[in-house]
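Here the structure comes first, spelled out in structure tokens, and everything after it is commentary.
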Amino acid sequence: MARKPLGRKFTFSRLLYRQALGLMPGGVNSPVRAFKAVGGRPIFIKEARGSKLYDVDGNAYIDYVLSWGPLILGHAHPRVVRALQEAVQRGTSYGAPTALEVRLARLVLEAYPSMAKVRMVNSGTEATMSAIRLARAFTGRDRVVKFEGCYHGHADSMLVRAGSGAATFGVPDSPGVPRSVARDTITLPFNDQEALKRVLKKQWRQIACVIVEPVAGNMGCVLPRGGFLKTLRSLTKRYGVVLIFDEVMTGFRVAYGGAQERYGIRPDLTCLGKVIGGGLPVGAYGGRAELMSLVAPEGPVYQAGTLSGNPLAMTAGIETLRQLRRKGTYEALQERARALEEGLRDAARRARVPVRLYRAGTMFCMYFTEEEVVDFATAKRADAKRFARFFHGMLQRGVNLAPSQFEAGFLSLAHTKWDIQKTVSAAYDVLRTL
Ligand code: KE4
């Protein structure tokens, strides 16, 4: 449990949380927000601007969650706000095609040459769920391979953990997921090329696709190692298995063209989300022409959405990508992220606390462990209790980190050198107390 706050009051957050608990499961609309992994009670946010969050008690925080990735420009970017204010005067949704969808689709396809066509949806879950259905239709096969610790949204087939023997049938990771669905999901250790080779060699005739977070951001931040992605690409090509890059988090974050640009891999299908909505609900999936031509109404694979491509979400996405395309953007992001990484590493060294810190572009994670983190098993050996104490210490000092050791942190264009200095000095203060 959090120690007594350093003078920070959480009175109204507590009041709202009590009310919320009587109205919504766990008082939240998405589980990770409830602080279960770090203990304590969530803070309720009143507003946000740039790199800062402001809670209902008037406390300010330097924000490294950024709504779990989307706000790469920072909160309430003036150009995004102005564009939305103009758009909303023209209505909020028409349920009919608009020029805005054409514009955002073109921006996405220009950034992801592996995509011949793209379909807009409303969340990352819808994007991955639809991509998997498309891969199954294209191959006529049912099984899906995913990796432990990778999260692809909450569709049934993705809420599966490794079954006994790992490389055979999956077991439901949540009640309500039928065993019949779970058994078609095979879960392997991330970065384990040998396990992948064995499974594909033995079961390729039943495997429709392999879906992967090319940089894993849902078990902290775990980087692909030793040619893992290249092996993934060559083996899936050899066996006619569809390779799906889930770039909902890495897209436009680890590079403008995502992890596929950074690592030089062309997947068959790509899922996007978060950044392309600029903070409004957008997901997308796209890829090779022969796959995308199967999507209704062009082809028989059904997928639909009332608010898919709605004008407000498209407007926020277009404006966000327009800002990201400006010269020098990613160099500036990289420079700030490097300063943060080096500062945190140095603070841990000076405080004599063993940590492992990983970063890809502006997504990062600091594990409380001495061993290399290469997959979910090694990530789980990090000291999550020590992370929880670090999390609360930082929150009390005005720094908002993701409330779980198994989440990535994010940096935005709005984070200043001063923000990073304050973060590093707060980290040193807290690390010394751990
Ligand atoms: P959504 O359905 O939440 O829009 O996207 C699901 C998803 C798919 N793929 C990847 C790689 C993702 O990271 C996500 C969602 N990420 C989590 C954060 N780890 C969203 C936060 C939450 O669940 O509240």
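The values are calculated or read from the model by the stated rules, or taken from the named source; none is laboratory data. This one's a predicted model, so the numbers in the text were calculated from it and none came from an experiment. No Cβ is skipped: glycine too gets one built from the backbone with ideal geometry, and neighbour counts run over all protein chains shown. These accessible areas exclude ligands, DNA and RNA; they are computed on the full protein's heavy atoms, side chains included. Shrake-Rupley method; radii C 1.70, N 1.55, O 1.52, S 1.80 Å.
Which value, in Å² rounded to 10, gives the accessible area of residue 418 with a 1.4 Å probe and all protein chains present?
Accessible area of residue 418: about 150 Å².
For residue 67, tell me the accessible area in Å² from a 1.4 Å probe, rounded to the nearest 10.
60
At 1.4 Å probe size, with every protein chain present, just tell me what the per residue accessible area of the chain comes to in Å².
In whole numbers, the chain has 43 Å² accessible per residue.
In nm, to one decimal, how far is the modelled label at residue 54 from the one at residue 352, with both set 7 Å along Cα→Cβ?
Here the answer is 4.3 nm between the modelled labels.
Could you order 314, 129 so the one with the most accessible surface comes first? Probe is 1.4 Å.
Sorted by accessible area, descending: 129, 314.
Going toward the positive end of the dipole of the chain, with +1 on Lys and Arg Cβ and -1 on Asp and Glu Cβ, which of 256, 84, 384 do you reach last?
Checking the options against the dipole of the chain, the answer is 384.
Which value, in debye to the nearest 20, gives the size of the charge dipole of the chain about its Cα centre, when Lys and Arg are +1 and Asp and Glu are -1 at the Cβ?
With only Lys, Arg, Asp and Glu charged at Cβ, the dipole is about 660 debye.
Taking 25 Å as R0, compute the FRET efficiency from the Cβ-Cβ separation of residue 12 and residue 36 and round it to 0.05.
0.70
About the Cα centre, and with charges only on the beta carbon of Lys, Arg (+1) and Asp, Glu (-1), how big is the dipole of the range 271-345? Nearest 20 debye, please.
Dipole magnitude for the range 271-345 comes out near 220 debye.
Around residue 46, which amide H atoms from residues at least 5 apart in sequence, or from another chain, sit under 5 Å from its own amide H, with H modelled in the peptide plane?
Close amide H contacts, sequence-distant or interchain: 54, 55, 56.
Can you pull the one-decimal nm distance between simple spin-label points at residue 372 and residue 434, each 7 Å off the Cα toward Cβ?
Here the answer is 2.1 nm between the modelled labels.
Looking at 329, 15, 229, which one has the Cα that reaches farthest to the positive end of the dipole of the chain (charges on Cβ: Lys, Arg +1; Asp, Glu -1)?
After comparing all options, I get 15.
Out of residues 5 or more away from residue 171 or on other chains, whose amide H comes under 5 Å of its own, with H placed 1.01 Å from N in the peptide plane?
Under 5 Å from the amide H of residue 171: 161, 163.
If you plug each phi of the range 177-186 into the Karplus form 6.51 cos²θ - 1.76 cosθ + 1.60 with θ = phi - 60°, what whole-Hz ³J(HN,Hα) values come out, in order, with x for Gly and Pro?
Result, ordered by residue: 8, x, 4, 4, 7, 4, 5, 8, 10, 9 Hz.
Enumerate the aspartates and glutamates that residue 422 could reach by cross-link, defined here as Cα to Cα under 15 Å, with residues fewer than 8 away along the same chain left out.
63, 341, 342, 346
Cα-Cα over 30 Å: which of 146/327; 202/385; 46/417?
146/327; 202/385
How much of residue 77 can a 1.4 Å solvent probe reach, expressed as accessible area in Å² and rounded to 10?
40
Quick check on the range 228-294: take the gyration tensor over C-alpha atoms, sort the square-rooted eigenvalues as a ≥ b ≥ c, and tell me if it's rounded (a/c under 1.5), prolate or oblate.
Oblate, because a/c is 1.5 or more while a/b does not exceed b/c.
Placing +1 on the Cβ of each Lys and Arg and -1 on the Cβ of each Asp and Glu in the chain, which of 153, 351, 171 has its Cα farthest towards the positive end of the resulting dipole?
351
Kindly list the residues of the range 399-434 that lie in the label zone of residue 335, defined by a backbone N under 20 Å from the point 7 Å along the Cα-to-C-beta vector.
What the label zone holds, given the 20 Å backbone N cut-off, is 411-424.
Quick check: from the Cα gyration tensor, does the range 78-324 come out rounded (a/c under 1.5), prolate or oblate?
prolate
For the chain, list the cysteines whose Cβ sits under 4.7 Å from no other cysteine Cβ?
150, 209, 271 - these cysteines have no disulfide-compatible partner (Cβ-Cβ under 4.7 Å) in the chain.
Would you rank 302, 256 by solvent-accessible area, highest first, keeping every protein chain in place and using a 1.4 Å probe?
So, going from the largest accessible area down, we get 302, 256.
For the chain, what does -39500 (n - 2.57) per DSSP helix run (n ≥ 4), summed and divided by total residues, give at 222 nm, in deg cm²/dmol to the nearest 500?
Per the formula, -11000 deg cm²/dmol.
Does the range 319-359 come out rounded, prolate or oblate, given a ≥ b ≥ c as the square roots of the eigenvalues of its C-alpha gyration tensor, rounded meaning a/c under 1.5 and, failing that, prolate meaning a/b above b/c?
prolate
Under a Cβ-only charge scheme (Lys and Arg +1, Asp and Glu -1), can you give me the dipole magnitude of the range 117-219 about the Cα centre, in debye to the nearest 20?
Dipole of the range 117-219, to the nearest 20 debye: 500 debye.
For the chain, give the percent of accessible area contributed by carbon and sulfur heavy atoms, probe 1.4 Å, rounded to a whole number.
After summing per-atom areas, the C and S share lands at 54 percent.
Please build a GNM for the chain, connecting alpha carbons under 10 Å apart, and tell me which residue among 127, 408, 351 fluctuates the most.
Answer for the Gaussian network model of the chain: 351.
Could you pull out which residues in the range 116-132 have an amide N less than 14 Å from a spot 7 Å beyond the Cα of residue 93, following the Cα-Cβ vector?
121-123
Mind ranking 161, 233 by accessible surface for me, highest first, 1.4 Å probe?
161, 233
How much length is gained on full extension from residue 23 to residue 85, taking 0.36 nm per residue of separation minus their Cα-Cα distance?
19.2 nm
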